[in-house]
Amino acid sequence: MNSKLECYREQIEKQLESALPTNSAKFGVLYDAMRYSLYAGGKRIRPILMKLSFEAVGGEGDIAPYLCAIEMIHTYSLIHDDLPAMDNDDLRRGKLTNHKVFGEATAILAGDALLNEAFTWMLQDALEHDDMRRVQAAHTLAEASGSEGMIGGQILDMQSENKVITLEELQAIHVHKTGALIAAAVKMGALLGGGSPEEVTALTFYGKYLGQVFQIVDDVLDKTSTNEELGKPVKSDVKNNKNTYLSFYDVDTCYQIAEDLTVKAIKCLERVQGDTTLLEQLATRLVHRKN
């Protein structure tokens with residue numbers, strides 16, 4: 001990640017650090033569990049994409065509640081994904097998973113609390129500004145993370161385990177489970193920044209292509225990386241009998257498909273009026289990421 005993108009990531013880390021209370025006596029263990037996973041690091045790709053999209057359409061001002069909210073949603077989904085009833089993983093971002101530290105019940109509630117905290121932050125901000133664009137951004141995230149977005153994709157993914165499925169069915173899983181939140185991040189930034197309808201549409205498609213790239217590379221890394229480099233157990237797709245892009249293509253073909261989708265994503269940026277240099281750079285880097 002180049003220096004400017006790294007600067008954005010550090011800014012988001014600081015905003016996240018102030019998003020949750022640190023001195024709650026009554027609900028201390030809950031906040032401890034929430035902070036444990038929210039502050040565990042990570043690439044912060046979704047909030048970075050939102051911020052870059054916001055700036056590309058000329059947005060100005062503070063959108064921290066939305067940057068934090070999408071990372072809270074993403075983190076809650078990871079906490080729940082790692083549970084024994086789901087993927088049953090012991091490591092996440094190089095640390096023990098939430099339920100391994102706090103127990104399953106607290107991990108479930110920590111995820112639930114992060115989900116609700118995300119919408120508290122966004123809607124409080126929208127009320128204070130009396131701004132429909134902010135309401136639209138919150139609605140976008142609600143749709144993308146809901147029953148016909150990320151959660152719907154998780155259900156399809158679970159239902160496909162131990163089954164032979166088609167490539168179209170696999171793509172539907174990933175469009176919802178992974179792609180919906182990435183596309184939402186970019187769309188939210190465009191909405192918050194006051195982008196034109198054409199810019200919002202172009203950036204949403206950019207995000208959709210990126211979501212596919214992200215999942216294809218994830219599938220490859222699960223097979224080719226190490227626990228240390230990836231920060232979580234590798235070969236978990238095989239362990240859980242999951243269908244992946246490697247069920248249909250070899251590694252080289254997967255990377256070629258990812259490259260082709262990246263070209264399509266970058267092509268979408270031609271319809272955005274502002275500077276999209278960092279959006280282009282980030283798209284290119286996602287193909288070659290190692291974790």
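The values are calculated or read from the model by the stated rules, or taken from the named source; none is laboratory data. Just so it is clear, the structure is predicted and the values come from calculations on it, not from any experiment. Methodologically, a virtual Cβ is constructed for each residue, glycine included, from the backbone with ideal geometry; neighbour enumeration extends over all protein chains shown. Side chains are part of the model used for accessible areas, which takes the heavy atoms of the whole protein and leaves out ligands, DNA and RNA. Shrake-Rupley method; radii C 1.70, N 1.55, O 1.52, S 1.80 Å.
If I ignore ligands, DNA and RNA and count only protein heavy atoms, how much of residue 196 is accessible to a 1.4 Å probe, in Å² to the nearest 10?
50
Using +1 on the beta carbon of Lys and Arg, -1 on that of Asp and Glu, and nothing else charged, what's the dipole of the range 241-291 about the Cα centre, debye to 20?
On the way: 7 positive and 7 negative charges, 44 e Å.
It works out to roughly 220 debye.
If you add up the charges near residue 33, with Lys and Arg at +1 and Asp and Glu at -1, over every other residue whose beta carbon is less than 14 angstrom from its beta carbon, what do you get? Walk me through the intermediate numbers first.
Values: positive: 35, 92, 95, 100; negative: 32, 82, 104, 112, 117.
Once all neighbours under 14 Å are counted, the net charge is -1.
What figure in square angstrom, to the nearest 10, would you give for the accessible area of residue 75 with a 1.4 Å probe?
0
What accessible area, in Å² to the nearest ten, does a 1.4 Å probe give for residue 248?
About 80 Å², rounded to the nearest 10.
Count neighbours as other Cβ atoms within 10 Å of each site's Cβ, and list the GluC sites (Glu not before Pro) in the range 143-174 that are DSSP loop with at most 15 such neighbours. Provide the component values of the computation, followed by the final result.
Values: sites: 143, 148, 161, 168, 169; in loops: 148, 161.
Here the sparse-neighbourhood loop sites are 148, 161.
Counting only other residues whose beta carbon sits under 10 Å from that of residue 176, what net charge do I get with K and R as +1, D and E as -1?
My count for the surroundings of residue 176 gives -1.
Counting pairs of Cα atoms in the range 63-170, how many percent are more than 20 Å apart?
Numbers: 2849 of 5778 pairs.
Result for the distance tail: 49 percent.
Please list the equivalent ellipsoid semi-axes of the range 1-59, computed as the square roots of five times the alpha-carbon gyration tensor eigenvalues, in descending order and whole angstrom.
Its equivalent ellipsoid spans semi-axes of 28, 12, 9 Å.
Kindly give Rg over Rh for the chain, based on alpha-carbon atoms, with the Kirkwood expression for the hydrodynamic radius. Please report the intermediate quantities before stating the final value.
On the way: Rg = 18.3 Å, Rh = 19.3 Å.
Checking Rg against Rh, the ratio lands at 0.95.
Debye calculation, C-alpha points only, no solvent: report log10 I(q)/I(0) for the range 106-248 at q = 0.09, 0.13, 0.17 Å⁻¹, in the same order as the q values.
Here the Debye-derived log intensity ratios amount to -0.34, -0.69, -1.04.
Which of the lysines could a cross-linker bridge to residue 100, judged by Cα under 18 Å and excluding same-chain residues fewer than eight apart?
232
Short version: what are the Cα gyration tensor semi-axes of the range 186-291, square root of 5 times each eigenvalue, largest first, in whole Å?
30, 13, 12
With the full set of protein chains in place, find how many percent of the accessible area of the chain is carbon and sulfur; take the probe as 1.4 Å.
52
Excluding residue 71 itself, calculate the net charge of residues whose Cβ lies under 10 Å from the Cβ of residue 71, where each Lys or Arg counts +1 and each Asp or Glu counts -1.
Result for the neighbourhood of residue 71: +1.
Just the number, please: Stokes-Einstein D of the range 1-113 in µm²/s, Kirkwood Rh from C-alpha pairs, 4 °C, 1.567 mPa s.
87
Treating the beta-carbon of each Lys and Arg as +1 and of each Asp and Glu as -1, no other charges, what is the dipole magnitude of the chain about its Cα centre, to the nearest 20 debye?
Numbers: 30 positive and 42 negative charges, 83 e Å.
Value, rounded to 20: 400 debye.
Past the 24 Å Cα-Cα mark, which pairs from 163/290; 51/177; 187/235; 264/290?
Check vs 24 Å cut-off fails for 163/290; 187/235.
Can you list which of the trypsin sites (Lys or Arg not before Pro) found in the range 1-53 are DSSP loop residues with at most 12 other C-beta atoms within 10 Å? Walk me through the numbers before you get to the answer.
On the way: sites: 4, 9, 14, 26, 35, 43, 44, 51; in loops: 26, 43, 44.
Of the trypsin sites (Lys or Arg not before Pro), the ones in loops of the range 1-53 whose Cβ has at most 12 other Cβ atoms within 10 Å are 26.
May I ask you to give the solvent-accessible area per residue for the chain, in square angstrom, as obtained with a 1.4 angstrom probe?
Accessible surface, normalised per residue, equals 46 Å².
Rounded to the nearest 500 deg cm²/dmol, what is the calculated helix-only ellipticity per residue at 222 nm for the chain, with -39500 (n - 2.57) per DSSP H run of length n ≥ 4?
Details: 15 runs with 198 residues, N = 291.
Theoretical 222 nm ellipticity from helices: -21500 deg cm²/dmol.
Could you list which residues have their amide H under 5 Å from that of residue 91, counting only those 5 or more apart in sequence or on another chain, with H placed in the peptide plane?
97
Just to confirm the filter: which GluC sites (Glu not before Pro) across the range 42-98 are DSSP coil and have at most 12 other Cβ within 10 angstrom of their Cβ?
Sparse-neighbourhood loop GluC sites (Glu not before Pro): 60.
If you put +1 on each Lys and Arg Cβ and -1 on each Asp and Glu Cβ, how big is the dipole of the range 15-90 around its Cα centre, in Debye rounded to 20?
Computed charge dipole of the range 15-90: roughly 200 debye.
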